[in-house]
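Below is one structure, written out as structure tokens, with a few remarks after it.
Readers should treat all values here as calculations from the given coordinates under stated rules, not as data from a laboratory. Keep in mind the model is a prediction, meaning the values are calculated, not measured. Methodologically, a virtual Cβ is constructed for each residue, glycine included, from the backbone with ideal geometry; neighbour enumeration extends over all protein chains shown.
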Amino acid sequence: EEAVKRNIPYAYFDTESGVKHAQQLHIARRLDTAIEKQQFELYFQPKMHLKSQTINSCECLIRWFDDGKFVSPAQFIPIAEHSGFILPLGEWILDSAFAQAKKWHQQNLNIRLAINISARQFTQQGFVQSIKQRLAHFNVPAHLIELEITETAIMDDEEFGISVLQALSTLGISLSIDDFGTGYSSLGYLQRFPVNKLKIDQSFVRNMATDTRDQALVLSICQLAKNLGLDIIAEGVEEHAQLEKLKEYNCDLIQGYLLSRPIPANEFEVFLAKGVSF
Ligand code: C2E
Ligand code: MG
Ligand code: MG
Ligand code: MG
């Protein structure tokens with residue numbers, strides 16, 4: 001603003017965003033061929049049910065190794081979302097997740113796979129049909145599939161969003177609200193969403209061992225979920241102190257480095273065989 005007032009040319013203060021823009025273009029171009037080059041892999045992060053101390057589900061998280069170099073999904077997913085590449089990528093993610101679900105189901109591992117669905121995917125025509133087709137094609141029972149969707153994706157067009165959730169729920173799959181607490185401030189919508197679970201965003205979990213305001217927030221979200229008949233999971237749990245608080249708050253499930261980082265399928269099988277206890 002100062003710069004504009006003093007009539008300084010744009011280039012003077014725009015260098016930083018210019019560099020960022022160039023990086024984004026570079027990533028967008030590299031993404032274009034990444035599926036053909038087989039540079040993507042799905043990793044799996046366990047979720048633990050606290051009362052039973054069992055691992056019965058996991059989150060699928062995409063990993064991109066661009067000529068061996070790891071690029072974070074936090075960086076490339078928004079770019080893919082913006083460019084539209086998320087649609088073919090989303091298909092790849094769904095196919096990989098369903099293929100893994102089928103494999104584990106055939107091995108009699110009772111693991112539900114939670115798949116992240118981006119806003120563009122969720123609102124795309126034919127999305128529900130594509131899930132229905134995959135359930136049949138991969139012959140995977142619906143209860144072994146969960147979709148993680150953000151409030152923002154649903155609220156983009158509330159009426160349409162609710163109808164998609166309703167149709168998915170009718171298929172028998174589970175639905176979670178991801179990053180809960182970071183999106184819309186109105187809670188009224190929650191009772192209208194046919195979802196099963198809330199995922200407390202890790203930004204609330206991060207300091208909850210020491211920050212009493214974060215404790216109050218997490219406790220309130222746990223109670224809210226209970227009152228609405230929803231399951232509640234805390235993500236980003238790294239320390240025992242956080243776990244203890246979450247147990248005290250009757251949180252149903254936890255996910256985080258305390259348990260395990262996201263790992264490849266074969267390592268996940270080893271993890272399951274070893275078992276965990278807290
Ligand atoms: P998200 O869905 O909220 O996923 C949780 C993120 O938290 C993951 O980051 C996970 O690795 C990280 N995490 C798990 N436990 C801990 C912990 O204890 N401490 C910390 N600091 N972090 C933890 P990741 O894998 O980097 O993914 C970031 C975001 O990228 C995801 O947030 C999701 O929005 C998006 N994403 C990742 N994979 C996919 C995908 O397959 N499809 C779509 N549409 N989005 C994806
Ligand atoms: Mg997620
Ligand atoms: Mg999340
Ligand atoms: Mg997140």
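Miscellaneous remarks
- Anchor K103: aspartates and glutamates whose Cα lies under 14 Å away (excluding residues fewer than 8 positions away in-chain): D95, E269
- Simple label model, 7 Å out from Cα along Cβ direction - Q191 to S130, nm: 3.4 nm
- Residues whose amide H comes within less than 5 Å of that of N116, counting only those at least five positions distant or on another chain, are C60, E148 (H built at 1.01 Å from N in the peptide plane).
- 5 angstrom amide H check on N56, placed H, neighbours 5+ away: K47, H49
- The distance separating the Cα centre of the range 34-81 from that of the range 121-187 comes to 19 Å.
- Equivalent ellipsoid semi-axes, the range 28-137, via Cα gyration tensor eigenvalues times 5, rooted, Å: 25, 17, 14
- The chain gives an Rg/Rh value of 1.00, both radii derived from C-alpha positions and Rh following Kirkwood.
- In nm, spacing of pseudo-spin labels at H21 and K247 (7 Å Cα→C-beta vector): 5.3 nm
- R0 of 45 Å, Cβ-Cβ distance D157-V270: FRET efficiency to nearest 0.05: 0.55
- Zero-based 5 Å bins, Cα pair distances in the range 227-267, whole percents: 6, 21, 28, 19, 13, 10, 3, 1
- Alpha-carbon Rg/Rh ratio, for the range 73-174, with Rh computed the Kirkwood way: 0.97
- Label zone at Q53, where the point sits 7 Å out along the Cα-to-Cβ direction: the range 236-257 residues whose backbone N lies under 20 Å: 237-257
- Expected 222 nm ellipticity per residue - DSSP helices of 4 or more, -39500 (n - 2.57), all of the chain, to 500: -14000 deg cm²/dmol
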